[in-house]
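Only one structure is covered here, and it is reproduced in the block below.
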Amino acid sequence: MSTFSFEMLSLKDDGCLSPVQNQDSEDEFDKDLESDDKKKKNKEMSIAELYMQACKLVGVVPVSYFIRNLESPTMTLTHHGLGPLGCKALAIALVADMHINTLELADNHIQAEGAKYLMEMMRANLTIQHLDLSNNHLKSAGAEHVSKMLLGSISLKSIKLSGNKFIDDDAKHFADALSTNTRIKELDLSHNEFCGKGGEYLGQLLANNESLEALDLSWNYMRMKGSVAFCAGLKVNMMLKHLDLSCNGFGNEGALAMGEALKFNNTLVHLNLNNNRLTNEGVSMLCRGLEYNDTLRTLLLAYNSLTVEGALALVNVVKNTPKTALEEINICNVLVNENFMNLLEVTCQEHPGLDVQYGGVGGFIAKKPPKRVDPMKIIQDYLDNRKLRLWDFFRNIDKDGTMRVPVADFRKAVQQSSIPLDRYQIEELIQRLDRDRTGIVDYRGLADTRKQMMKDHRRQLRKFESRQKKEKQKSDRILKTFQTAVEAVTPGSSMVISPGAAKEESSGPQPFSATPLSSWHHIVMSNSSRYSVTNLSSEHIHLPMLGGTSLYRPTSSPAIRSYSQPNLLADSPRSAPGNPISAQGIRSDPEIGHSKLSPTHNILTRSRSALHAKQPEGKVKTKKVKKKKTKKNANKDSKNNPKTGK
């Protein structure tokens, strides 16, 4: 079967489109209108005939809806079962079309082959601006063709690629294509299979792209690693306005990275974080970034594990931040209480445009049940304060000293005493001291209560301190990882100065490789505690060459070099907005000459002096050792001399 080339079809189409012109010399207005109508009809007929011929050539049934709606600017062909060959016939007809600017081809199973035909068509078509290729089983092969389409098309402004089973490596194709494409405004990559590495490539996409305004990445699998790398790209992005990251499993770690990104991003208007496994702790981390942000208007946090505490934190941020732009907060699954309603009413007086969507008023859900004090502990504290023994307290009813008394006598003695126990606590105490329901209370169990309580208290204290230490180390590692990823996607001559401030742009486009971002999380996300902030600032310092030999050879990875810098958090929002800061945290000043040292040189010189300072200590130690040996020898001589004297 012979195949048509697009060049031949376009030429044939042009020949068909040339109508026979009348050579009359009349210039009347009505005849001009009639000639325009004839041209339009001939053009439409030629495209329909071309489509029919293409369907006959490839062996598919023509879609009547396409022929009937050639005049419409929107061509909706969803769920028509076109397949690759039907897409080929459609692409042949659309080469010369000048009416359709929106083409919807969702759920047609066109596969990678159909995407290839559309790529060839988009090179010649100059009118299609919006393309929907969702749920078409494009997979990795189709991702390559779509990326070529993005590189070759000069009219496309938005594209939907939802549900095409793209994986992590496919994200690199889109990142490379959109690093040079400055025409795409909207991109939908939802319902795909992007994980941690895909989040790294998508973070590079945001760092490089200068035109994308709306991005949908919902229903992927970025999780914590991908979210940290993605937020690093969001931090330096200057164009994105609408971002949908729902159903990605960010967790509190992702919320921490998002809060850091919001401190510096000054363009994002709409943020969707629905169903991302956030808790009240994650919301509090997110609120730290909202304190510095003055552009975000809509924040969606529905279907997360939030309670009224997280809701109060969000409203408090709006209340305590005068420059905030938040107008809509969606926490529609959270039950709030009266305290929240009172705070919301006060906040709305200062911010009348604020709209908070919550689940309802049910304060009993938000309140924690009161923790009941152990009755044994109450008795022990009572005896300790009065310096009494158990036998002294029950002497009247336990005259034999067996520490076993009837239940009725025990209840009566406790009720008549001044021990602050209510009726429920007394019954609970009796049940614990008379487990077998014998009617006799053996209060010897109270004797060992104090010792056991002290053990339990120390154990709980150790657990609490260990938990706090692990959480701090984890948050420090996340912040360090986030900063390293930011430095990996930031050009060497551009860096964010302060929250809300503009970034310096480099002289030309600088593409980024995937090497730094694909290696940072293997280094930083280790379980070792030595990657905390305090340790990193003092351990990993590159020493200069001493005597022509290098004591430490840094690796070639840019991420590792920036990771070992001593001042990784130099671009903190609380730093003074003075001189611009480079990606390694070094402030650049044009007035400083080559003779003056940078902060890193100062640190290196300090480390060199410290290195020299350690050498005398070693010598002193050797001298001490020698002195000890001489003393031992002297003692031996002194012992031997008396013997010889004798």
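The values are calculated or read from the model by the stated rules, or taken from the named source; none is laboratory data. Keep in mind it's a predicted model, so treat the numbers as computed, not measured. All Cβ positions, even for glycine, are placed from backbone atoms using ideal geometry, and neighbour counts span all protein chains on display. Side chains are part of the model used for accessible areas, which takes the heavy atoms of the whole protein and leaves out ligands, DNA and RNA. Shrake-Rupley method; radii C 1.70, N 1.55, O 1.52, S 1.80 Å.
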message: Could you check the range 306-331 and list, in sequence order, the residues that are of a type in the set (S, T, N, Q) and open to solvent by 40 Å² or more (accessible area, probe 1.4 Å)?
response: 307, 316, 320
- request: Determine which member of the set 274, 293 is among the polar types (S, T, N, Q), in contact with a helix residue (DSSP H, G or I) (Cβ under 8 Å, 6 or more places away or on another chain), open to solvent by less than 60 Å² (accessible area, probe 1.4 Å) and not in a helix (DSSP H, G or I).
  value: 293
query: Has the range 417-434 got any residue that is among the β-branched types (Val, Ile, Thr) and open to solvent by 50 Å² or more (accessible area, probe 1.4 Å)?
result: no
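Return the residues of the range 237-260 that are part of a loop (DSSP other than H, G, I, E, B), touching a helix residue (DSSP H, G or I) at 6+ places or on another chain (Cβ under 6 Å) and of a type in the set (Gly, Ala, Ser); say none if nothing qualifies. Explain how you work it out, then say what you get.
Step one: of the range 237-260, the residues part of a loop (DSSP other than H, G, I, E, B) are 237-241, 245-250.
Restricting the remaining residues to those that are touching a helix residue (DSSP H, G or I) at 6+ places or on another chain (Cβ under 6 Å) gives 237, 249-250.
249, the sole residue that qualifies.
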query: From the set of residues in the range 190-210 that are assigned to a helix (DSSP H, G or I) and among the polar types (S, T, N, Q), which is surrounded by the fewest Cβ atoms within 10 Å (Cβ to Cβ)?
result: 208
query: Here are some conditions: (1) more than 21 Å from residue 88 (Cβ to Cβ); (2) over 25 Å from the mean Cα position of the chain (by Cα); (3) assigned to a helix (DSSP H, G or I). Residue 144 meets all but one. Which one does it not meet?
result: (1)
Lone qualifier among 280, 265 - being surrounded by fewer than 23 Cβ atoms within 10 Å (Cβ to Cβ) and in contact (Cβ under 8 Å) with a residue 12 or more places away in the chain: 280
message: Considering only residues that are acidic (Asp, Glu) and open to solvent by less than 60 Å² (accessible area, probe 1.4 Å), which ones fall in the range 133-189?
response: 168, 170, 188
